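Reviewing the structure listed below.
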Amino acid sequence: MSKSRMTAHGFALQLTEDFFKNGSFEPVGGGSVPAVGPASASSNQYYDYDDFRSGFAGLSVQCVGCNETEGREKVYIYVTKAAKKKLDVISKSKDDISVKVVNIGKTIIKPEAVSSATNRGNVFIRGSRIACGSSCQPTGENYTGTIGAIVRRGDKLFALSNNHVFAACNHVPVGQPIMSPSYDDAGPNVPAPRLIARHSGIIELRSGDPKLVLPVSLDAAFAEIEPNTVTSWQGNQEDGYDTPTSCVSPSAEMPVKKVGRTTGLSFGTIESIVPGYFPLPYRCKKFAATVWFQNIWMVKTNGSESFALGGDSGSLVVTEDGRHAVGLLFAATPNGQYGYIIPIESILKELKMSLVNDYGI
């Protein structure tokens, strides 16, 4: 059987497998390629790329992404450390696919470090209600994150954020109060923390070698809202916008924006999808493990400002015109140049929920 032309998506999966087999991933060394799994390239699209394989030796890989924009197929090898000179040398093209190596630094989700690493976070008020994009915190936990959106299931309304924000990685009890702003973000000119919701449920985070435990693709939790406390509005009065109820799938080169606890309103462009393995270490009080993700998207900031930093986790990412919801932010690179997002459609489908707008405005 003749081999078909390799796509950027297929090449990204092949590189992922090879890096996994060779122990190149951060923070996990070693391992074997799963015999069957989501990061398997089609056997009739397997590249012999020995001509530039040697340049990849010694890379500490975070993940491999791809962009299949028509006429400009690209593969991105995101690494945690490498000299710029080496990056330039090994960034090249294979047939019609551009291969670029990008140093993004080592990403660790460590909620308890947010308050000490960033300035006091944003709390947005519309009328007398807390707006989405504001600082929040479960009582009993020493960290802060972001309220992403208001969602509906049946006749009940919930606040949506990440599992590691509302649930401390699977460990906050059902019924625990969610406060906004967080205690660390309160101050002389900021409203005192108030009860806005009670923790209700999660999409479970799980850890294990991807040969034994299927990678996850979602980091989300929800909390039933208290009456008259929150609004579906995102951000401040001047630059904010109502949460859209329409959703679109992420796509490469899509302009997007978000409102978050730390960086507020920020703009970026979706650069790539990571179809294969993405190991991400979580360091919470009761959960210290590496979670292997797949099918997440990379958003690069527009310009020199950060797209996202610690504390922005849980932010709802929307199209630049604000008409469609795109994803939920769940992590960012240390310098804030990249944010990692989960398609919002996948979360809503899993939770059997829908986005809410025109609420409390």
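Counting other Cβ atoms within 10 Å as a rough exposure proxy, the listed residues Asp219, Asp88 run Asp88, Asp219 from fewest neighbours to most.
Net charge in the neighbourhood of Gln294 (other residues with Cβ under 15 Å of its Cβ; Lys, Arg +1, Asp, Glu -1) is -2. What longest range of the chain stays clear of loop-exposed GluC sites (Glu not before Pro) (DSSP non-H/G/I/E/B, at most 11 other C-beta within 10 angstrom)? That gives 71-237 as the longest site-free run.
By the Cβ-Cβ criterion of under 4.7 Å, the unpaired cysteines of the chain are Cys63, Cys66, Cys132, Cys136, Cys247. Using R0 = 35 Å, the C-beta based FRET efficiency linking Lys81 and Asn236 works out to 0.40. Over the range 90-148, what portion of Cα pair distances is larger than 13 Å, expressed as a whole percent? For the range 90-148, the fraction of Cα-Cα distances above 13 Å is 74 percent. About the centre of its Cα atoms, the chain shows a dipole size close to 580 debye [charges on the beta carbon of Lys, Arg (+1) and Asp, Glu (-1) only; nearest 20 debye].
Stokes-Einstein, applied to the Kirkwood radius of the range 260-348 over Cα pairs at a viscosity of 1.002 mPa s and 20 °C, places its translational diffusion at 159 µm² s⁻¹. Annotation: amide H of Leu280 within the under-5 Å range of Val291, Trp292, Phe293, sequence separation 5 or more or interchain, hydrogens built in the peptide plane. In this Cβ point-charge picture (+1 for Lys and Arg, -1 for Asp and Glu), the range 243-361 has a dipole of about 500 debye about its Cα centre. To the nearest ten degrees, helix 8-21 and the longest principal axis of the Cα atoms of the chain are 80 degrees apart.
With the convex hull of its Cα atoms as the shape, the chain has an orientation-averaged projected area of 18.2 nm². Take the cross-link list Lys85/Lys106; Lys106/Lys285; Lys84/Lys300; Lys300/Lys352; Lys21/Lys106 and give me the ones stretching past 22 Å between alpha-carbons. The pairs that break the limit, which is 22 Å between Cα atoms, are Lys300/Lys352.
Read-outs: derived from the displayed coordinates by stated rules, not from any lab. Only a predicted model underlies this, so the values are computations on that prediction, with no experimental measurement involved. Cβ atoms come from the backbone with ideal geometry, glycine included; neighbour counts cover every protein chain shown.
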